[in-house]
Every structure is written in structure tokens, then in C-alpha cells.
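Step one of this worksheet: look at the structure below.
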Amino acid sequence: MSARPVSSIWKNHISKLHNAFELWWPEFEKHIPQNGCDVFFRADDVGYPGKQFSGMVETFREHSTPLALAVVPAWLNENHRDSLLRELGPDLNLWCLHQHGYRHINHEKEGKKFEFGPSRSKKTVTGELDRGRRKLAALLADNFTPLFTPPWNRCSLETMEGLAELGFIAISRSTNVAPPSPHNLPDIPVNIDLHTVKTDSRQIGIEKLQDLMVEAVESGCAGFMLHHQRMNKTSLLFLSYLLQKIRLTTGLRTKDIREII
């Protein structure tokens, strides 16, 4: 889980980001539906805390904002668990600790990346899902929520059928991905990518994020996806600004993902 490339948007000075979003925010508010919009946050690729993870968690704690933490089972052991819970504690109510794949590796030889994709049998996939579920349940006890986030936000229908059979209560992918989830496995998708949108232009990065936010609130549920390994000081300052703006904006309702399920 080494540091990963930082998107060009976070290479802007924080003052430019503040100014751009302050000027744009009144226009953004016009897109909020009359009955409001639920907002939730999900952070992926969690295994054990480090400097970037600590900064992200502290920002959510300061703003009393819930965060769904997608934990990779293979990355967690007792020592990492203890460090993680110390970082999050003592009040764990803000954090929805749930399962993020199993080992977070790609098994497809060509095409898009999948950990649980079309080349793998349902028996193999369900076995790994179950091992991951049992490991997290043993390590996290009552702090584990049987929600599943697939790596790269995609998985096969057989994977989702296996999740439902294993007692998972929901899945969280990207919006409008195929195949649709089974009727007994609600999908709570993210639709705003804070840290992994690819663009070489700092200005285009700002515009892409704004476009994503408009489209998301118009849908009635805005789900923000975070990757702490791709955060820098600027993105952390902006996150604090964003959480405050959302809290103060009429019609935006910050929710724990478990409330939405």
C-alpha cells in the first residue's frame, strides 16, 4: 500500500480551489432536488493506518461526518487491527468497517481489472468472499458490517449472488455499472471520484469534479469515493472545506452508508 500518484487537481494551490468552488457553489445549489439529496463518503484500500490515513480520519472526526472504510481482508492482521482501532477510537460509531475484496489483486489476463471477474468460477469466488468475511468478522467483531465493496468497483453477477448467499446486506460499486445487482443485494453506488480521476490539466480536474458533483446531487444520492494513498496536503485541506460546505448547505443530508442501506 505504498503512496500512489496524486491527481493534477490537488497540485493547485488551496486558495485557487477555494475560490473556484466558492464562486461555483451558488450554481451548484440550484441542482439540489427539492426533496434534498443524501450524501455519503466511502474510503477504499484500507489495511493499516499511516500518515495519509490518519489525516483523512482526523478530518472526518473533526467534522463529525460518517465514513465507510473498505478494508482488504488480506491486508489486516491482529497488529494492524489494533493500530487501526486505536486510530479510529474510542468512539467507532462514525466508521462503517466493511469488506473490500479479498486480496485486492487482478485475476483477468486482458481487459478491465477484476478481482472477482468473469474468468473465475462462482465456487472459487464465493470461497474467497467467505474467507474474507470470516476473517474480518473475527478481527473486528461487532465493528464489522457485512457490506461489500469490490476492488475497481466491478464484479461478476456470480460474485453478487455469492455475497447474498453469504448474508451480505449490500454492495457498493460505481453508479450505472453492469450487471445490475440481485434484488436481495441492494447497491449503494459512489458517483463522485475525489482522488483517482485522470487528467493532466489542473483546471480540467476542477471542472470534472464539479460536473460529477452536479450529476450526483441531481440523482438524489451523492456518494464520494476517497483513496487516502492519493491524498496530499492540498486535498486534505479541500476535504475539510468540502465537509463544512456540505454541512452548511440546505438540502444536503450527510448520512452513514448504513442508514442508506
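Details
- On the chain, 49 percent of the accessible area sits on carbon and sulfur atoms, based on a 1.4 Å probe.
- Taking every alpha-carbon pair in the stretch 143-261 and binning the separations at 10 Å intervals from zero gives 11, 39, 34, 14, 1 percent.
- Across all directions, the average projected area of the convex hull around the alpha carbons of the stretch 82-227 is 10.5 nm².
- Largest-first principal axis extents of the Cα set of the chain (Å): 53, 37, 36
- Values of log10 I(q)/I(0) for the stretch 113-162 across q = 0.31 Å⁻¹ run -1.19, by the Debye formula with one identical scatterer at each alpha carbon and no solvent.
- The simple Förster model, with R0 at 22 Å and r as the Cβ-Cβ distance, assigns Asn19 and Asp211 a FRET efficiency of 0.75.
- Toward the positive end of the charge dipole of the chain, with +1 on the Cβ of Lys and Arg and -1 on the Cβ of Asp and Glu, the farthest Cα among Phe224, Thr159, Gly101 is that of Gly101.
- Normalised radius of gyration (Cα atoms, divided by 2.2 N^0.38 Å) for the stretch 1-93: 1.37.
- Rounded to 5, the percent of DSSP beta bridges in the chain classed as antiparallel: 0
- Magnitude of the charge dipole, the stretch 8-55, Cβ model with Lys/Arg +1 and Asp/Glu -1, debye to 20: 220
- Net length available on complete extension from Glu87 to Val6 is 26.8 nm, with 0.36 nm assigned per residue and the Cα-Cα distance removed.
- Pairs from the table (Lys198/Lys255; Lys11/Lys122; Lys109/Lys255) lying more than 32 angstrom apart at Cα are Lys11/Lys122; Lys109/Lys255.
- Charged-residue dipole, Cβ positions (Lys, Arg, Asp, Glu), the chain about Cα centre, Debye nearest 20: 620
- Accessible area expressed per residue, the chain, with surrounding protein chains retained (probe 1.4 Å, Å²): 47
- Size of electric dipole in the stretch 42-186: Cβ of Lys, Arg +1 and of Asp, Glu -1, about Cα centre, debye, nearest 20: 380
- Database remark: amide H of Leu226 closer than 5 angstrom to the amide H of Arg42, Ala43, Asp44 (H placed geometrically; neighbours at sequence offset of 5 or more, or on other chains; Pro and chain starts carry no H).
- Estimated inter-spin distance, His63 and Asn35, nm [label 7 Å along Cα→Cβ]: 2.6
- Relative to the globular-protein estimate of 2.2 N^0.38 Å, the Cα radius of gyration of the stretch 79-144 stands at 1.37.
- Expected-Rg normalisation [2.2 N^0.38 Å, Cα atoms] applied to the stretch 164-205: 1.63
- Residue-wise HN-Hα couplings along the stretch 42-52, as the Karplus relation 6.51 cos²θ - 1.76 cosθ + 1.60 with θ = phi - 60° gives them from phi, are 9, 10, 9, 6, 8, x, 7, x, x, 4, 5 Hz; Gly and Pro carry x.
- Charge dipole of the chain about the Cα centre (unit charges at C-beta), most positive-ward option of Leu242, Leu147, Leu136: Leu136
- Amide H contacts of Val39 (H built 1.01 Å from N, under 5 Å, at least 5 apart or other chain): Ala222, Arg253, Thr254, Lys255
- Residue-span extension gain [Arg247 to His107] - 0.36 nm each, minus C-alpha spacing: 46.4 nm
- Between Ala74, Pro90, Leu23, the Cα set farthest toward the positive side of the dipole of the chain (charges on each charged residue's Cβ, about the Cα centre) is that of Ala74.
- Calculated Rg and Dmax of the stretch 53-162 using C-alpha coordinates, Å: 15.0, 44
The values are calculated or read from the model by the stated rules, or taken from the named source; none is laboratory data. All values derive from a computational prediction rather than experimental measurement. Because the Cβ atoms are built from the backbone with ideal geometry, glycine has one as well, and the counts that use them run over all protein chains shown. Each accessible area value is taken on the protein alone, full model and side chains, heavy atoms only, with ligands, DNA and RNA left out. Shrake-Rupley method; radii C 1.70, N 1.55, O 1.52, S 1.80 Å.
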